[in-house]
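Chemist: Encoded as structure tokens, here's the structure I'll be asking about.
Bear in mind that the values in this text are calculations on the coordinates, not laboratory data. Predicted model only: the values in this text are computed from it and were never measured.
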Amino acid sequence: MITFLKLIFSALLIWITYIVVSTSLESSLIKEWDFLGSIPWMRATLWDFYVNIFIITLWMFYKEKSIFLKIVWVILFVCLGSIATCAYVLIKLFKLKETDGIKELIGSK
């Protein structure tokens, strides 16, 4: 199961990085901000994003001991979104022992 999750999160990381980079090369978020902000679905998407970031941050706060790492990860989550989330989960997955499972990924510090 852990190997499967590593593959899934690696694929997601590569895919979302490609999407973000290719979209950034095609269109400037800064130039489009006023237009995008006027679209109700864009505002809903941003609220959805920040709710997810809050949930992921709570989990990360539970997992991490270092206040420095907590601050760094919050900044990365907010600035990079799914890219940082996939990276964080992958790091946690690769730190697991062969005998560990989902319980250790989700719950143990």
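Chemist: Any idea what the relative contact order of the chain is, in percent, if you count C-alpha pairs under 8 Å spaced at least 6 apart? Mind showing how you got there, number by number?
Modeler: Values: 51 pairs, mean separation 46.5, N = 109.
Answer for the chain is 43 percent.
Chemist: Let me ask something additional. Output the DSSP H helices from the chain with an along-axis C-alpha extent of no less than 24 Å and a mean Kyte-Doolittle hydropathy no less than -1.0. Could the numbers behind the result be given before it?
Modeler: Numbers: long enough: 2-26 (36 Å, 1.73); 40-63 (35 Å, 0.65).
Those that pass (Cα extent of 24 Å or more, hydropathy at least -1.0) are 2-26, 40-63.
Chemist: I've got another one for you. For the chain, which semi-axes, largest first and in whole Å, follow from the square roots of 5 times the eigenvalues of its Cα gyration tensor? Can you show the working numbers first?
Modeler: Working: eigenvalues 173, 56, 28 Å².
Three semi-axes, in Å: 29, 17, 12.
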